[in-house]
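> I have a structure I would like to understand better, so I am pasting it below and will then ask my questions one at a time.
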């Protein structure tokens, strides 16, 4: 494993957290992305810790970035200032202007500072060390053709087996792995997940809720994601992340 400076470690932590939370709220997708990208969007992630009654106990720093994905799996994430504070000086956001690039066919993962130079102690990393969400492309599942509902339902059946009834008019699928149970609630019209719940020994560990809108003919865009997960060793505390996405652009326009 390569050596890291403290700055590199903080940058990698922020990168992993903002990429791992999937995306939401979108603009029409009929404008071509710039610079030859196949997909681009502005992303905002807001996070907080809540108690067992759903009350916010503390807010965590938000994250903002622009994500671009290119042919061949290359991705680029440009961190933006997440507060209205000064842009320079000791009170400035230390991550604003930072660039995270991933190229599976080239340098792998690297981080570039706001001055345009690679961060000290952060040489290019092998592709296998990249966060899987970035390696796959952060646009996966965000913009979905409406006509693929039958294909999506077939994939659900192959993964989960026959659906097990309905909950609030949503199709219910279950997967059991030892003491863990994953529940997926799917829209009958689109075959897209609306809720995902993960429980272990009867205790809810994760809850994810998704909303979609048809922002262009033949295209469904995930417009909101809210994720809630139990904080290990913290009793009933849970980490809540709400991710929004704007200025969505997809190459090729409307299919």
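> Could we say that residue 202 is loosely packed, with under 13 Cβ neighbours inside 10 Å and touching a strand residue (DSSP E or B) at 6+ places or on another chain (Cβ under 7 Å) here?
On the way: loosely packed, with under 13 Cβ neighbours inside 10 Å: yes; touching a strand residue (DSSP E or B) at 6+ places or on another chain (Cβ under 7 Å): no.
So residue 202 fails the test.
> If a residue counts only when it is within 27 Å of residue 68 (Cβ to Cβ), which strands (runs of 3 or more DSSP E) contained entirely in region 139-255 have at least 1 such residues? Explain how you work it out, then say what you get.
On the way: elements: 143-145, 170-177, 180-186, 193-200, 203-216, 219-230, 238-250.
Those strands (runs of 3 or more DSSP E) span 143-145, 193-200, 203-216, 219-230, 238-250.
> Any residue at all in region 76-87 that is part of a loop (DSSP other than H, G, I, E, B), crowded, with 18+ Cβ neighbours inside 10 Å, modelled with pLDDT of 60 or more and in contact with a helix residue (DSSP H, G or I) (Cβ under 9 Å, 6 or more places away or on another chain)?
Of region 76-87, the ones part of a loop (DSSP other than H, G, I, E, B) are 81-87.
Next cut, crowded, with 18+ Cβ neighbours inside 10 Å only: 82.
Checking which are modelled with pLDDT of 60 or more leaves us with 82.
After this cut, where a residue has to be in contact with a helix residue (DSSP H, G or I) (Cβ under 9 Å, 6 or more places away or on another chain) as well, the list is none.
No, there is no match, as no residue in region 76-87 is part of a loop (DSSP other than H, G, I, E, B), crowded, with 18+ Cβ neighbours inside 10 Å, modelled with pLDDT of 60 or more and in contact with a helix residue (DSSP H, G or I) (Cβ under 9 Å, 6 or more places away or on another chain).
> State yes or no: is residue 48 out of contact with any helix residue (DSSP H, G or I) (no Cβ under 9 Å at 6 or more places or on another chain), surrounded by 14 or more Cβ atoms within 10 Å (Cβ to Cβ) and either modelled with pLDDT under 85 or farther than 29 Å from residue 226 by Cα (or both)?
On the way: out of contact with any helix residue (DSSP H, G or I) (no Cβ under 9 Å at 6 or more places or on another chain): yes; surrounded by 14 or more Cβ atoms within 10 Å (Cβ to Cβ): yes; either modelled with pLDDT under 85 or farther than 29 Å from residue 226 by Cα (or both): no.
For residue 48, the condition - out of contact with any helix residue (DSSP H, G or I) (no Cβ under 9 Å at 6 or more places or on another chain), surrounded by 14 or more Cβ atoms within 10 Å (Cβ to Cβ) and either modelled with pLDDT under 85 or farther than 29 Å from residue 226 by Cα (or both) - is not met.
> Moving to a separate point now. Could you list all residues from region 34-55 that are in contact (Cβ under 8 Å) with a residue 12 or more places away in the chain and either in a loop (DSSP other than H, G, I, E, B) or within 17 Å of residue 232 (Cα to Cα) (or both)? Lay out the reasoning, then the answer.
Of all residues in region 34-55, those in contact (Cβ under 8 Å) with a residue 12 or more places away in the chain come to 34-52.
Across region 34-55, the qualifying residues are 37, 38, 47, 48, 49, 50, 51, 52.
> Moving on. When you go through (1) in contact with a strand residue (DSSP E or B) (Cβ under 8 Å, 6 or more places away or on another chain); (2) over 21 Å from residue 38 (Cβ atoms); (3) crowded, with 16+ Cβ neighbours inside 10 Å one by one for residue 149, which number turns out not to apply?
Checking residue 149 against (1) in contact with a strand residue (DSSP E or B) (Cβ under 8 Å, 6 or more places away or on another chain); (2) over 21 Å from residue 38 (Cβ atoms); (3) crowded, with 16+ Cβ neighbours inside 10 Å, the one that fails is (1).
> When residues of region 166-188 are filtered for being farther than 21 Å from residue 229 by Cα and surrounded by 10 or more Cβ atoms within 10 Å (Cβ to Cβ), how many remain?
Keep residues of region 166-188 that are farther than 21 Å from residue 229 by Cα, which gives 166-171, 187-188.
Checking the rest, the ones that are also surrounded by 10 or more Cβ atoms within 10 Å (Cβ to Cβ) come to 166-167, 170-171, 187-188.
Residues in region 166-188 being farther than 21 Å from residue 229 by Cα and surrounded by 10 or more Cβ atoms within 10 Å (Cβ to Cβ): 6 in total.
> Still on this model: Which one of 239, 204, 185, 220 is touching a helix residue (DSSP H, G or I) at 6+ places or on another chain (Cβ under 8 Å) and in contact (Cβ under 8 Å) with a residue 12 or more places away in the chain?
220
The values are calculated or read from the model by the stated rules, or taken from the named source; none is laboratory data. The model shown is predicted, which means the values in this text are computed figures rather than measured ones. Positions of Cβ are backbone-derived with ideal geometry, glycine not excepted, and every protein chain shown enters the neighbour counts.
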